[in-house]
Amino acid sequence: MMNAAQAGVVLTPAAGRRVTPTGRLILSADADRADWLAARRLGLGSSDLAAILGISRYGNALSVYHDKTGGLPLEGDDSEPALWGRLMEETVAREWARRNRSVVRRVGLVANVDRSWQMCTLDRRVMECPLADGAERCAVEIKCRDRMKADQWRRGMPDDVLAQVLWQADTCGYEHMHVACLIGGNDYRQFAVRTADHAALVADLRTAGARAWEQITTRRPPILGHDADPDVLLGLYEQLHPDRAGVVDVTRDGDAQDALSEYLTAHADITAAEGRKKRAKAAMVGALAGADTATVLDRVVYSLDTGARQYADLERLAERWPDAYADCVEDRPTVRLNIPKPVREEYSA
C-alpha cells in the first residue's frame, strides 16, 4: 500500500504525536478535506468496519476493498443528509458537553500506534469525562439521523454505530465511548459504551479488520456471501464501471449462467403472482357490489378508500409552457437489463 507521501497527503505538522492512550495523530481536524479523503485510504476507519461486517447501508467488504485500492473515485458523501450531519455536528457536540458538564475538543484522523492501518476520525475528544472523575479517557461520537430511523435507537444504538464506537475505542485505547444522537432535528439521545462489556466483539472487530487489510494489501478481493445487499452491490458496480462497452464471454462462468436462470425464474414468479393478485382484487371488488367496505363477523377485512395522486402531463406542459418544461424536466440515463427473447425461452425451459 502507499504511504502518506505516495498518496499525496499533506500531513499535519503535529503528525505522529500521541493524542490518545494508544493513538497518534495523522491529520488534525482542520486539515484540508482532500487530504483527509486521501489519508483515510491508508487504513481502515470505523465506518469501514461496519461495511466489512455487512451491517452498513452504504457499503460492504468489496466496496471498502475497491475504495482502499483506488478503484472508486476519491470523493466524500455530498448527499443532503451528509451535508446537514456535518453542519449539525458542532451543535450536537456542544449540547452533549452542556448536558454533561464537560469539555470537548476536535481532534482529527488518528491511527493506532501498534497497528497503523487501524484508524478512526474522532468527532470530539472528551477533556472532562463525566464518568471518569474528570480524567480524559474517552471521546464522543456525534450522529444525526432522520426521524424515520428513530425505531433503530429505541433500545440503544444500532449495530453499525456500536461497531464504529468500539473500533474507535480500540484504536485509541479508551475504556469507554459516548454517543450523542439527534433524531429528526429535535429528539436528542445519548449513550455510553464500555469496551469491557463488549470484549468479544472488540476482538472480532480487530480480527475482521486485520483480515480485510491483508486482502487489501495483497490485492485479493473479498468474496461476499449470498446475503450481501444487492442494492449496495449494484451501486458499487455502477461506480466501478460508469462507462460500459464491449463483450465478456461467460460460457465458462457457471455462476453467471445460474444467476441468469434464477433471475428469469424470479421474474416469472413475480409475473404469475401479479396475475393472481389482480384476479383476487377483481373478485374482492366484485363482492362489494355497490358498497365500499367488507366485513367478516362485524370486523372490517377490506375497503375501497378514495385518495388522490399528483400526475404531471409532460406533453401538455411542453406544449403550453416550453420554458418551464425545459427548466424542470431533464433526461437522465437509465440502465436496463436486457435479455433477448430466445435466451429467456432457453433458460426458462
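Select from region 30-82 those trypsin sites (Lys or Arg not before Pro) which occupy a DSSP coil region and have at most 12 other Cβ atoms within 10 Å, ordered by residue number.
Counting only loop positions with at most 12 other Cβ atoms within 10 Å, the trypsin sites (Lys or Arg not before Pro) in region 30-82 are R57.
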Practice task
Work out from phi, with θ = phi - 60° and the Karplus expression 6.51 cos²θ - 1.76 cosθ + 1.60, the ³J(HN,Hα) of each residue of region 186-195, listed in order in whole Hz, and give x for Gly and Pro.
Solution key: 8, 10, 9, 9, 9, 9, 10, 10, 9, 5
Exercise for the section: Counting other Cβ atoms within 10 Å, keep those with at most 12, restrict to DSSP loop, and tell me which trypsin sites (Lys or Arg not before Pro) in region 105-195 are left. Expected result: R154, R155
Exercise for the section: With a ≥ b ≥ c taken as the square roots of the eigenvalues of the C-alpha gyration tensor of region 73-155, please select rounded if a/c is under 1.5 and otherwise prolate if a/b is larger than b/c or oblate if it is not? Expected result: oblate
Problem - Rounded, prolate or oblate (a/c below 1.5 giving rounded, otherwise prolate when a/b exceeds b/c) for region 152-310 by Cα gyration tensor - result: oblate
Problem - region 243-331: C-alpha gyration tensor shape, a/c 1.5 cut-off, then a/b vs b/c - result: oblate
Exercise for the section: Once you have the Cα-Cα distance between D204 and N186, take 0.36 nm times their residue separation minus that, and quote the gain in nm to one decimal. Expected result: 3.0 nm
Practice task
Would you kindly calculate the mean projected area, averaged across all directions, of the convex hull enclosing the Cα atoms of the chain, in square nanometres?
Solution key: 28.1
Exercise for the section: Could you tell me what percent of the accessible area of the chain is made up of carbon and sulfur, with a 1.4 Å probe and every protein chain present? Expected result: 50
Fill in the blank from the handout: For the chain, the per residue accessible area (1.4 Å probe, Å²) is 66
Fill in the blank from the handout: Exposed GluC sites (Glu not before Pro) being those in a DSSP loop with at most 11 other Cβ atoms within 10 Å, the longest stretch of the chain free of them is 76-329
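The values are calculated or read from the model by the stated rules, or taken from the named source; none is laboratory data. Quick caveat, the model's predicted, so the values are computed rather than measured. Heads up, the Cβs are rebuilt from the backbone with ideal geometry, glycines too, and the neighbour counts pull from every protein chain shown. Areas reflect the complete protein model, heavy atoms only, side chains present, ligands, DNA and RNA absent. Shrake-Rupley method; radii C 1.70, N 1.55, O 1.52, S 1.80 Å.
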